[in-house]
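Following: one structure in structure tokens, then a few remarks.
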Amino acid sequence: MPNSVSSGHYTDLLFAGLPEFEPGHVWLVGAGPGDRGLMTLHAVNALRQADVIVHDALVDEQSLAFAKPDVIVEFAGKRGGRPSPKQKDITLRLIELAKQNKRVLRLKGGDPFIFGRGGEEALALVAADISFRVVPGITAGIGGLCYAGIPATHREINQSVTFLTGHDQTGSMPTALDWAAIAKGSQVIVMYMAMKHLENITQKLLDAGRPKEQGAAIICNATTPQQKVLISTLENLTKEARESDLQPPALIVIGDVVKLRDGLDWLGVYQHAKTLNPNPLGL
Ligand code: SAH
């Protein structure tokens, strides 16, 4: 904090001119992939004003510290193997709370419009004639790759990136995806929710001629203190994933950008430096 600026004044400056959360409105807000430093100012502005927060499993609980002391927090994700609330029930709850004239913050992991059902929730609000805003967040496929030291694009390597989900509404591999076309046409593939069908997916890519020695990575709990990264090749990825203790949430990256991590694992360098000298200033 600069000495010349008091913390109150600094906060006022940060939030000046950002939207006021009106009672009876719903804001669908992306909280980013985990590290609360990756939340936007709009997200924090929403947290500071909300009466009710309906949040997902992947949202960092610490970020709730920005909220009002009497805020009501409702959990709407999967926890401890218990079935998650049905999407319809979550949507109905948002509508119910808005009709009670609450400022309703629907806080979602990553970006609400990337594999986050934000569109479905927003359409239900449209149908119920409830005013809403949508605040984008850093999606795991961008923020997670960055924290793993893997650029999503690199000029000499790729001119495109494909984001895909490894399972559809029914839990099966998405039938709408043309895996052979993806194998041929997608220079870098970033997969969400793909651990369950990893073996099938990698096999389909290999069958379609994707090079078996191509770099492949799994990034678990990206941007959180529990982040783990496995670097492998397309051919060995499933086997090595099975031998490891990697757990979802996880992203899978397939493409030549993976090899850049060798030089760009900035987080690993930081963590290593910290173990060597936890207190460099000797304070
Ligand atoms: N809307 C979210 C994605 C929700 S789908 C976004 O934009 O990021 C949930 C999937 O996202 C997880 O199964 C996993 O594949 C991915 N994911 C979300 N957060 C993650 C994290 N911190 N680390 C690794 N993968 C993550």
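Given the conditions (1) within 30 Å of Lys86 (Cβ to Cβ); (2) within 12 Å of the ligand (Cβ to nearest atom); (3) surrounded by fewer than 15 Cβ atoms within 10 Å (Cβ to Cβ); (4) not small (Gly, Ala, Ser), which single one is not true for Pro225?
(1)
Residues being aromatic (Phe, Trp, Tyr) and either in contact (Cβ under 8 Å) with a residue 60 or more places away in the chain or open to solvent by 50 Å² or more (accessible area, probe 1.4 Å) (or both): count how many of those fall in region 10-25. Quick ask: steps written out before the conclusion?
First, the residues of region 10-25 that are aromatic (Phe, Trp, Tyr): 10, 15, 21.
Still in the list and also either in contact (Cβ under 8 Å) with a residue 60 or more places away in the chain or open to solvent by 50 Å² or more (accessible area, probe 1.4 Å) (or both): 10, 21.
Number of matching residues: 2.
Being in a loop (DSSP other than H, G, I, E, B) and of a type in the set (Ser, Thr, Tyr) is the filter here, so list the residues in region 163-192 that pass it.
Thr170, Ser172, Thr175, Ser186
Please work out if Thr170 is among the hydroxyl-bearing types (Ser, Thr, Tyr), at pLDDT below 95 and away from the ligand (no atom under 12 Å from the Cβ). Working first, answer last.
Working: among the hydroxyl-bearing types (Ser, Thr, Tyr): yes; at pLDDT below 95: yes; away from the ligand (no atom under 12 Å from the Cβ): yes.
So Thr170 fits the description; yes.
Right, Ser160: open to solvent by 30 Å² or more (accessible area, probe 1.4 Å), more than 16 Å from the ligand (Cβ to nearest atom), assigned to a loop (DSSP other than H, G, I, E, B) and out of contact with any Phe, Trp or Tyr (no Cβ under 6 Å at 6 or more places or on another chain) or not? Spell out how you get there, then give the answer.
Numbers: open to solvent by 30 Å² or more (accessible area, probe 1.4 Å): yes; more than 16 Å from the ligand (Cβ to nearest atom): yes; assigned to a loop (DSSP other than H, G, I, E, B): yes; out of contact with any Phe, Trp or Tyr (no Cβ under 6 Å at 6 or more places or on another chain): yes.
Considered against the rule, which asks whether it is open to solvent by 30 Å² or more (accessible area, probe 1.4 Å), more than 16 Å from the ligand (Cβ to nearest atom), assigned to a loop (DSSP other than H, G, I, E, B) and out of contact with any Phe, Trp or Tyr (no Cβ under 6 Å at 6 or more places or on another chain), Ser160 comes out as yes.
With the requirement that a residue be more than 21 Å from Leu260 (Cα to Cα) and open to solvent by 20 Å² or more (accessible area, probe 1.4 Å), what does region 193-222 give you?
Met193, Met195, Lys196, His197, Glu199, Asn200, Gln203, Lys204, Leu206, Asp207, Ala208, Gly209
Just for strands (runs of 3 or more DSSP E) wholly inside region 36-143: which have at least 2 residues that are in contact with a helix residue (DSSP H, G or I) (Cβ under 8 Å, 6 or more places away or on another chain) and not acidic (Asp, Glu)? Break it down stepwise before answering.
Working: elements: 52-55, 72-75, 104-108, 132-135.
Fully inside region 36-143 and qualifying: 52-55, 104-108, 132-135.
Only one of Thr202, Thr224, Thr233 is modelled with pLDDT under 95 and not assigned by TED's automatic domain parsing to the domain that holds Met39; which?
Within the list Thr202, Thr224, Thr233, the selection yields Thr224.
So Val29 passes all but one of these: (1) open to solvent by less than 10 Å² (accessible area, probe 1.4 Å); (2) over 24 Å from the mean Cα position of the chain (by Cα). Which condition number does it fail?
(2)
Does any residue of region 166-175 turn out to be open to solvent by less than 50 Å² (accessible area, probe 1.4 Å), under 22 Å from Lys108 (Cβ atoms) and touching a strand residue (DSSP E or B) at 6+ places or on another chain (Cβ under 6 Å)? Lay out the reasoning, then the answer.
Of all residues in region 166-175, those open to solvent by less than 50 Å² (accessible area, probe 1.4 Å) come to 166, 168, 171, 173-174.
Checking the rest, the ones that are also under 22 Å from Lys108 (Cβ atoms) come to 166, 168, 171, 174.
So of that shortlist, the ones also touching a strand residue (DSSP E or B) at 6+ places or on another chain (Cβ under 6 Å) come out as 166.
Looking through region 166-175, at least one residue is open to solvent by less than 50 Å² (accessible area, probe 1.4 Å), under 22 Å from Lys108 (Cβ atoms) and touching a strand residue (DSSP E or B) at 6+ places or on another chain (Cβ under 6 Å).
The values are calculated or read from the model by the stated rules, or taken from the named source; none is laboratory data. The shown structure was predicted, so the numbers you read here are calculated from the model rather than taken from an experiment. Reconstructed Cβ throughout: ideal geometry from the backbone, glycine too, with neighbour counts over all protein chains shown. The protein model used for the area step is the full one, side chains on, heavy atoms only, and it has no ligands, DNA or RNA in it. Shrake-Rupley method; radii C 1.70, N 1.55, O 1.52, S 1.80 Å.
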